[in-house]
Structure formats: C-alpha cells, structure tokens
Amino acid sequence: MKNILFIGFMGCGKSTLARDFARESGRVFIDSDTLIEMQFNLSVSEIFATFGEEVFRQEEQKMAYFLAQLKGICIATGGGFINVKDLDKIGFCVYLRASFEYLKNRLNKEEIAKRPLFYEEEKARNLYNSRINLYEKKANLILDIENQSVESLIDELKKRIK
C-alpha cells in the first residue's frame, strides 16, 4: 500500500484529512511535526525559538529519509516540508489548496500561536506566495479545500487514491 503525503500551507487541514483518510483507507497516520516535537519534547514554536528554523528544517529532512522507508502510511506534513530532498520517494503527494485569506480566516489566535511563521501576516503572505508553485509542482493530486467538508474531501480522495 503506497504512502499518501499531505502538503499545503499552514492551516489547510493536512492533519485532519491525513488522520481521517488513514482511518478510512487502513493506513497508519503520522504527523511529521508531532514526531519532531516528541523528539525535542518541545512545540514547533519552542523549537524555532530555542534552536532556530535551520535546526527544525534539518530535523524535517531526517524525518523525510525515515518516512521514505515506511509503507502504508498517511503523513501530515508541516507547511515547509515541501522543501525536503527526495519528497517524491516518500509517497503520493496530495496538495490541499486554498487562498491565503481563506487560511488566515480559518485560524484562531491559539492556532496561529502554534505556527511561528504565521505570527506576522505580511511575512506569512509572502511565504505563502513563495510556496504556491512548489506545492503545485510537487503534487500528484491537487484538492481545492475551500468551502468543502472533510467528508466530501475524503470521498474525493477515496475515488482518486486506491
């Protein structure tokens, strides 16, 4: 059973969809950010504050090498995971696409606090714009998530992925 890798910008619902699709398809759910948090015993924002973004990105690359060895998993990734080397060796890549405004409006203050690169809206918008083409280029499947229910997105995934 092939791996399914969920990519997209912060707040697009990668963890929710990956978890639900894993359950529906008989795969194991893994969240790359959660695994890194467990390794450091710190949240992503605490890792950024304590060690810096570069260390976090190095850990993401280690995680990518590890995930490429597994089979039958649904992986929720962080928004910047798209930059790891050999992403295509991990599995089938599903991009959850939405506009910046839609994503910004989905997140409350508590959820934004968990995302250190979303603290400043203008920087977050620039980051979003810099990643869009890369998400689309790396994706095997693009799902437009705006105004879609989790159930309808899962149904679409079930039709498109076996």
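The values are calculated or read from the model by the stated rules, or taken from the named source; none is laboratory data. Bear in mind the structure is a predicted one, so any value in this text is a computation, not a measurement. We place every Cβ from the backbone using ideal geometry, glycine too, and count neighbours over all the protein chains shown. Calculation scope for accessible area: heavy atoms of the full protein, side chains included, ligands and nucleic acids excluded. Shrake-Rupley method; radii C 1.70, N 1.55, O 1.52, S 1.80 Å.
Given [x] 23, 20, 14; [y] 25, 16, 15; [z] 37, 19, 15, which label gives semi-axes √(5λ) of the Cα gyration tensor in Å as computed from the coordinates?
Read-out from the structure maps to [x].
Zone of Leu35 (label point 7 Å along Cα→Cβ, backbone N under 16 Å): which residues in the stretch 4-22?
4-7, 15, 18-19, 22
Size of the dipole of the chain about the Cα centre, Lys and Arg at +1 and Asp and Glu at -1 on the beta carbon, nothing else charged, in debye to 20?
Using Cβ point charges on Lys, Arg, Asp and Glu, the chain gives about 640 debye.
If each of Ile161 and Leu134 carries a label point 7 Å out from its Cα toward its Cβ, how far apart are those two points in nm?
2.1 nm
Calculate, for Ser149 and Glu46, the FRET efficiency according to 1/(1 + (r/R0)^6) with r their C-beta to C-beta distance and R0 35 Å; round to the nearest 0.05.
0.60
Excluding same-chain residues fewer than 8 positions from Lys2, which lysines have a Cα within less than 29 Å of its Cα?
Lys14, Lys62, Lys71, Lys85, Lys89, Lys137, Lys138, Lys158, Lys159, Lys162
Mind telling me which of Thr77, Thr16, Thr50 comes out most flexible in a GNM of the chain, alpha-carbon contacts under 10 Å?
Thr50
How big is the shadow of the Cα convex hull of the stretch 1-48, averaged over all directions, in nm²?
Spelled out: convex hull of the Cα atoms, projected over all directions, averaged, 3.9 nm².
How large, in percent, is the carbon and sulfur part of the accessible surface of the chain at a probe radius of 1.4 Å?
Summing carbon and sulfur atoms, their accessible area is 48 percent of the total for the chain.
Return, ordered by residue number, the residues of the stretch 51-71 whose backbone nitrogen is under 19 Å from a label point located 7 Å along Cα→Cβ of Lys89.
Hits in the stretch 51-71 for Lys89 at 19 Å: 57-71.
Summing Lys, Arg as +1 and Asp, Glu as -1, what charge do residues with Cβ under 15 Å from the Cβ of Gln69 carry, Gln69 excluded?
Local charge sum for Gln69: +3.
Accessible area of Glu53, 1.4 Å probe, to the nearest 10 Å²?
Looks like 80 Å² after rounding.
At 1.4 Å probe radius, can you tell me the per residue accessible area of the chain in Å²? Each step should come with its number before you reach the end.
Working: 8570 Å² over 162 residues.
Ligands and nucleic acids excluded, the figure is 53 Å² per residue.
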